[in-house]
Amino acid sequence: MATLRELFEGEFDHTLRSHSEASFTMGGSSFRAIEKICWSFDEYSCFLGYFVEEEYATAGFLQALLAQADQSRERLNGGVEAVSSHPAVYQSTGTSSAALPFNDRIMMYVDAVLDDATKKPLVALGDSNSWHVQIRERGYAES
């Protein structure tokens, strides 16, 4: 059975991906997560993913992480630009990763068991920003 970290790294393997570590200091404590952008040239879109280890899976940190999703997207999309094309397709230029629109999907892989009181505000924050937030917690890997 795959771990949640392995699922975070392996799901959506048809996409081109870039990731980095996001770290924050809140209330004197340090928190970190892995942020990832997935570009799907076939679907002409991109989306975000986060992996959070159990020790950092507090309600406050998860809220702060999600609240800065636009900054994650800018950081990750601002790195190396990839261009995709196919020799059998006639077009003036290939499709650039920078041109792929964000499809408002954010996948949060949280390696902990979260109660509804923690998950509901995250989904509500997503709704208020027109994002589709999906939370995949430890039980997702065990199912």
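The values are calculated or read from the model by the stated rules, or taken from the named source; none is laboratory data. As the structure is a prediction and not an experimental result, all values here were calculated from the model. Neighbour counts run over all protein chains shown; Cβ positions are idealised from the backbone, glycine included.
What helices (runs of 4 or more DSSP H) lie completely within the stretch 47-143 and have 2 or more residues being farther than 21 Å from ILE37 by Cα and either modelled with pLDDT of 95 or more or of a type in the set (Gly, Ala, Ser) (or both)? Let's see the steps before the verdict.
Details: elements: 59-67, 69-77, 116-128, 138-142.
In the stretch 47-143, 59-67, 116-128 are the helices (runs of 4 or more DSSP H) which contain 2 or more residues that are farther than 21 Å from ILE37 by Cα and either modelled with pLDDT of 95 or more or of a type in the set (Gly, Ala, Ser) (or both).
Being in contact (Cβ under 8 Å) with a residue 60 or more places away in the chain, part of a helix (DSSP H, G or I), crowded, with 16+ Cβ neighbours inside 10 Å and not small (Gly, Ala, Ser), is that true of even one residue in the stretch 8-20?
yes
Filtering the stretch 104-130 down to residues that are surrounded by 17 or more Cβ atoms within 10 Å (Cβ to Cβ) and touching a Gly at 6+ places or on another chain (Cβ under 8 Å), which residue is farthest from GLU9 (Cα to Cα)?
ILE106
Output the qualifying pairs, or none if there are none: Cβ atoms under 8 angstrom, residues six or more apart or on different chains, first residue in the stretch 116-132 and among the aliphatic types (A, V, I, L, M), second residue surrounded by fewer than 17 Cβ atoms within 10 Å (Cβ to Cβ).
Within 8 Å, the pairs are ALA117/ALA59; LEU122/GLN63; LEU125/GLN63; LEU125/ALA67.
Could you look through the stretch 21-59, keep only residues that are of a type in the set (Gly, Ala, Ser) and in contact with a strand residue (DSSP E or B) (Cβ under 6 Å, 6 or more places away or on another chain), and pick out the one that is farthest from VAL110 (Cα to Cα)? Spell out how you get there, then give the answer.
First, the residues of the stretch 21-59 that are of a type in the set (Gly, Ala, Ser): 22-23, 27-30, 33, 40, 45, 49, 57, 59.
Of the ones still in play, those that are also in contact with a strand residue (DSSP E or B) (Cβ under 6 Å, 6 or more places away or on another chain) are 22-23, 33, 45, 49, 57.
Details: ALA22: 14, SER23: 15, ALA33: 9, SER45: 24, GLY49: 11, ALA57: 7 Å.
If we take residues in the stretch 21-59 being of a type in the set (Gly, Ala, Ser) and in contact with a strand residue (DSSP E or B) (Cβ under 6 Å, 6 or more places away or on another chain), then SER45 is farthest from VAL110 (Cα to Cα).
List pairs: first in the stretch 71-94 and over 30 Å from ALA22 (Cβ atoms), second at pLDDT below 80, Cβ under 6 Å, 6+ apart or cross-chain?
Every condition considered, the pairs that remain are SER85/GLY94.
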